[in-house]
Amino acid sequence: MKKFLLIGLAIVSLTSCNRPEPNYEGVLMTDYGRNGLESFKTVTGAQGPLGPGSELYQVPMFEQKADCDAISVSARDAGLFTIDPSYTYQATRGQAPSIVLNYKHLGTGEEFLDNVENNTLNKLVTDSYREEARNYTTDSLMNNLGSFEKSVEVVLAKKFKDKGFSLNTLTSGLTPPKSMANAIEQRNNAVQQANQVKNELETSKMYLEKAKIDAETNRMKSSGLTKEVLQQQYIEALRNTQNKVIITDGRTPLILNP
């Protein structure tokens, strides 16, 4: 009885081990893959014990993130840039059999897709950056970084599709040559200093203009309050009053508004 129980547990264990995980596409290889794509088919559920020449591959269908090693790329005029690309991608539904057929030599299990990245996809990325950089001069590459990125992305999207994957995002991590980086820094510093001097000059002009206005105002006030002007203003005030006023200089009386 105990012997039959052990055999039963072993069968269940073998069966449960050969089941694609959720959100993975299972691919069963038969006959050692000798018949090309016909030897690879998409499967779901438990596959039971696998016979000789059979292997169950599992290809994840969710997004993957990958980072390439930093490399140097050369512009058309020999300007040397450094790129450190990163990207996200995922396998296309229904393409798992082709993916396994093309890359089964890279191993099985969880490391399968990592090996595809390291041996194939990363190389596609770096090679595409190298090829596209040759279409630009050093200055044009720095001034057209957006179009450079877009061009590489378009080329890579097609290459990934041909391999059974979709490219979701791509970043170059591009760094200019040290000499250019220094020149850019110096130019930015010069621009900042020029803006600072311009602001200081504008402020000085405003203070100078204010000082001129204040001086002119004080001059007008000073010249406007002479004895004659004060006397004339006094007389005009008396003329405009509604009351009867008698003014005398000690000799002749003057009657306003009688």
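Laboratory data are not the source of any read-out in this text; all were calculated from the coordinates shown. Only a predicted model underlies this, so the values are computations on that prediction, with no experimental measurement involved. Quick reminder, even Gly has a Cβ in these numbers, built from the backbone with ideal geometry, and neighbours come from all protein chains shown.
Would you please classify the overall shape of segment 65-158 from the alpha carbon gyration tensor, given that a ≥ b ≥ c denote the square roots of the eigenvalues, rounded means a/c under 1.5, and beyond that prolate means a/b larger than b/c while oblate covers the rest? In terms of gyration-tensor shape, prolate. Measuring against 28 Å, Cα to Cα, the residue pairs LYS41/LYS150; LYS65/LYS163; LYS158/LYS178 contain LYS41/LYS150; LYS158/LYS178 as the ones spanning a longer distance. Length gained on full extension, ILE71 to LYS41, computed as 0.36 nm times the residue gap minus the Cα-Cα distance: 7.0 nm.
Placing unit charges on each Cβ (+1 for Lys and Arg, -1 for Asp and Glu) gives segment 40-182 a dipole about its Cα centre, and among THR138, LEU80, VAL116 the Cα reaching farthest toward its positive end belongs to VAL116. Rounded to the nearest 20 debye, the dipole size of segment 84-136 about its Cα centre is 220 debye, using +1 on the Cβ of Lys and Arg and -1 on the Cβ of Asp and Glu.
Would you mind getting the Kirkwood hydrodynamic radius of segment 10-176 from its Cα pairs, rounded to one decimal in Å?
Numbers: mean 1/r = 0.0568 Å⁻¹.
Computed over Cα pairs of segment 10-176, the Kirkwood hydrodynamic radius comes out at 17.6 Å.
With 0.36 nm allotted per residue and the present C-alpha distance subtracted, the SER204-GLU110 stretch has 26.9 nm of extension available.
Within the same chain, aspartates and glutamates fewer than 8 places from LYS159 are excluded, and of the rest, those with a Cα less than 20 Å from its Cα are GLU63, ASP67, ASP69, ASP84, ASP114, GLU117, ASP127, GLU131, GLU132, GLU149.
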